[in-house]
Amino acid sequence: MRTILSPSSDPAFNLAAEEVFLSSPAEDCGGDLLMLWASRPSVIVGKFQNPYAEVSLAACEARGIPVVRRNSGGGTVYHDPGNLNYTVITDRGAEFPDFGRFLSPLIRLLAERGIRAEIRDTSALFAEGKKFSGSAQSCVRIPGTGKERQMHHGTLLFSSDLEALAALTGKSRAESEGALRYSSRAVGSSPSPVGNLAPLFEKAGFPMNFADFRSLVAREYPRLWDADPDPSEPSGFTEEETRKIESLAREKYARWDWNFGRTPAFTFASPRLSLTSKNGVILTASTDLCDPEKLVGARLDPEEIRKISREAAETIFE
């Protein structure tokens, strides 16, 4: 298994790296691959999600935190330098999806250090009643080969800012409490109590910092994955890989068209404003906050809506 430690903290770059490797034949990327990466504070939404319903966009804007859509399903997650992301890319197995195959090495790794983890809700890992890892999978057919490659990726909360996580990704909870109403076929998140691994390592007698944890996963996951007693040393990206990744990041993951323009059709209703939208553009609007016709055709972007009506922007993006 080839292990890569991404030197980038740009979420667009790291998500692009996943796609570049997933769409490449196994021989071009060294067979099975493990990529470990940590991004600057950012919110990552699932491929089939509605970011307007999941994310507190006003809070993200105020903090300068980007919202990026990934190329796999699942729910919304928060990334920061205390969250270790791991990506495993391999040939598709007999079953898809198959989360146990990829989560088992992590469970064994933690068990060897006194932390009992378990799989819940098919794809999440919990320890002492709190979720510290969520994961998702995707699969693609490699053109001209007849083969399929599979990606499993997930978060590992080690020393993440849990207050920021709750503040930025808790909009679905506000909706459930009746403040807002969204209706669509978009995939919703399933909030759970969350916790970091760092206190659990310390409690088990294995205190470590984030760099230690990343080194531990880089060394032990490949060993537990394929029983290789002498896994290869972690590396970075080649120049050619970096060029492809940077290009894809610019053309896709850093663009509004991908992150918001791919939003499924939905309706939004609050006491003083309601609207329908598709692909991040307002189709119809009803409100007493401004002339509703001025909203029709506008992109659901805080800055653009604010130019029409500050009150409408505050209502939509609260």
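Coordinate-derived values only; no laboratory data. Given the structure is predicted, the values throughout are model-derived calculations rather than measurements. When we count neighbours, we look across all protein chains shown, and the Cβ atoms used for this are built from the backbone with ideal geometry, even at glycine.
Listed values, structure above:
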read-out: Helix 99-111 vs. the chain, principal-axis angle (Cα, 0 to 90°, nearest 10); value: 60
read-out: Furthest towards positive pole of dipole, 182, 247, 127, structure part the chain, Cβ charges; value: 182
read-out: Integer Hz, Karplus 6.51/-1.76/1.60 couplings in order for segment 7-24, x for Gly and Pro; value: x, 9, 10, 8, x, 5, 5, 5, 5, 5, 4, 4, 5, 4, 6, 4, 8, 9
read-out: Rounded to whole Hz, the Karplus (6.51, -1.76, 1.60) HN-Hα couplings of segment 156-163, x for glycine and proline; value: 9, 6, 10, 9, 6, 7, 6, 5
read-out: Antiparallel content of DSSP bridges confined to the chain, in %, to 5; value: 85
read-out: Local electrostatic count, residue 208, Cβ distance below 13 Å [Lys/Arg +1, Asp/Glu -1]; value: +1
read-out: The chain: proportion of alpha-carbon pairs further apart than 38 angstrom, %; value: 18
read-out: Distance in nm between pseudo-label sites at residue 113 and residue 32 (7 Å out along the Cβ direction from Cα); value: 2.0
read-out: Unit charges at the beta carbon, dipole of the chain: most positive-side option, 234, 90, 222; value: 90
read-out: Only Lys, Arg (+1) and Asp, Glu (-1) charged, at Cβ; segment 1-118 dipole about Cα centre in debye; value: 300
read-out: Sorted by Cβ neighbour density within 10 Å, fewest at the top, the residues 158, 317; value: 317, 158
read-out: Residue pairs, from the table 47/203; 147/244; 47/244; 47/307, whose Cα atoms sit over 31 Å apart; value: 47/203
read-out: The chain, helix-only ellipticity at 222 nm - DSSP H runs n ≥ 4, -39,500 (n - 2.57), divided by all residues, nearest 500; value: -9000 deg cm²/dmol
read-out: For segment 266-317, fraction of C-alpha pairs farther apart than 16 Å, in %; value: 24
read-out: Size of charge dipole - the chain - debye, nearest 20, with Cβ of Lys, Arg +1 and Asp, Glu -1, no other charges; value: 580
read-out: For segment 180-318, size of Cβ-based charge dipole, Lys and Arg +1, Asp and Glu -1, in debye; value: 620
read-out: Candidates 268, 126, 206, ranked by Gaussian network fluctuation over the chain, Cα under 10 Å, top entry; value: 206
read-out: Sequence of 213, 96 once ranked by neighbouring C-beta atoms within 10 Å, starting from the fewest; value: 96, 213
read-out: Normalised contact order of the chain, rounded percent, pairs of Cα under 8 Å and 6 or more residues apart; value: 21
read-out: 5 angstrom amide H check on residue 82, placed H, neighbours 5+ away; value: 161
read-out: In sequence order, calculated HN-Hα J values of segment 276-285 (Karplus, 6.51, -1.76, 1.60; Hz; x Gly/Pro); value: 10, 8, 9, 6, x, 10, 6, 9, 9, 8
